[in-house]
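*Asks:* Provided herewith is a single structure, encoded as structure tokens, for subsequent inquiry.
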Amino acid sequence: MSYAIIGFGKIGHALAEAFARSGIEVSVATTRDPTSFASDVAAIGPGIIPKTLAEAVKADTLFLAVRFESHPEVAKALPSWKGKTIIDVMNTFAPLEELDGLPSSAFVANAFTGARLVKGFNHLAAAVLGQDPAVQGGRRVVFLASDDDGAAAEIGTLAENLGFSPIKLGGLSDGGLLVQARENSWGQLIFKDLIKFDS
């Protein structure tokens, strides 16, 4: 299984740190030339590989961590996303009419034709997401929502491998709304930093 992070802002950086902590290799790409951020990537760890967007989208599983308005440009990088899993880490206050009345992640899913989409890792602020998820004997929670149970399970396993405790919320249009903005209000679970302790 190969992984890539598309976007290297604060959230992309925090995700790269999570991969480095866990010793899992991941590619990092933006729409810029990878030499422009290669030194920042190298500072995180040896398993974090700067690539072009065209190279990075060859990965099996991709974290979409760009600005929301940039995701259509990323979607054009492949004619079909069949066989790939996209983790939507973006947040937006886009008006409902711009999203065809859909939750933002369902709108994003339509752009990535054929992909399995999971909403996840987006409810934590970058500064929190970048911290070690092992906290006082527990693990930091990440919420996952998807209309594809298999994809949610797969990303749940990845979240555990990265040290987090995944909690599945159901589909994009029901439980997923708890971690998405709607018009001018955040979902109820956005920015809630929860720790799960194994009983």
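The values are calculated or read from the model by the stated rules, or taken from the named source; none is laboratory data. Computed from a predicted structure; not experimentally measured. A quick note on method: Cβ atoms are made from the backbone with ideal geometry, for glycine too, and the neighbour counts reach across all protein chains shown.
*Asks:* Name, by its number, the condition in (1) over 30 Å from residue 79 (Cβ atoms); (2) surrounded by fewer than 22 Cβ atoms within 10 Å (Cβ to Cβ); (3) of a type outside the set (Asp, Glu) that does not hold for residue 107.
*Replies:* Among (1) over 30 Å from residue 79 (Cβ atoms); (2) surrounded by fewer than 22 Cβ atoms within 10 Å (Cβ to Cβ); (3) of a type outside the set (Asp, Glu), the lone unmet condition for residue 107 is (1).
*Asks:* Separate question: Considering (1) surrounded by 13 or more Cβ atoms within 10 Å (Cβ to Cβ); (2) over 23 Å from residue 157 (Cβ atoms); (3) free of Cβ contacts under 8 Å to residues at least 40 places away in the same chain; (4) more than 16 Å from the chain's Cα centre (by Cα), say which one residue 49 fails and leave the rest.
*Replies:* Here residue 49 clears every test but (2).
*Asks:* A further question follows. Name every residue in the stretch 1-58 that is at pLDDT 95 or above and of a type in the set (Phe, Trp, Tyr), in order of residue number.
*Replies:* 3, 8, 19
*Asks:* Sort through 101, 83 and tell me the only one that's part of a loop (DSSP other than H, G, I, E, B), surrounded by fewer than 14 Cβ atoms within 10 Å (Cβ to Cβ) and modelled with pLDDT of 95 or more.
*Replies:* Being part of a loop (DSSP other than H, G, I, E, B), surrounded by fewer than 14 Cβ atoms within 10 Å (Cβ to Cβ) and modelled with pLDDT of 95 or more holds for just one of 101, 83, which is 83.
*Asks:* Looking at the stretch 140-150, can you tell me whether even one residue there is of a type outside the set (Ser, Thr, Tyr) and in contact (Cβ under 8 Å) with a residue 60 or more places away in the chain?
*Replies:* Scanning the stretch 140-150, I find no residue that is of a type outside the set (Ser, Thr, Tyr) and in contact (Cβ under 8 Å) with a residue 60 or more places away in the chain, so the answer is no.
*Asks:* Considering only residues that are out of contact with any Lys or Arg (no Cβ under 7 Å at 6 or more places or on another chain) and either free of Cβ contacts under 8 Å to residues at least 40 places away in the same chain or of a type in the set (D, E, K, R) (or both), look in the stretch 121-139 and name the one that is nearest to residue 187 (Cα to Cα).
*Replies:* Of all residues in the stretch 121-139, those out of contact with any Lys or Arg (no Cβ under 7 Å at 6 or more places or on another chain) come to 121-122, 124-125, 127-131, 134-137.
Next cut, either free of Cβ contacts under 8 Å to residues at least 40 places away in the same chain or of a type in the set (D, E, K, R) (or both) only: 131, 134.
Numbers: 131: 23, 134: 25 Å.
Checking each candidate, the answer is 131.
*Asks:* Which one of these is β-branched (Val, Ile, Thr), outside any strand (DSSP E or B) and touching a Ser or Thr at 6+ places or on another chain (Cβ under 9 Å): 157, 92?
*Replies:* 92
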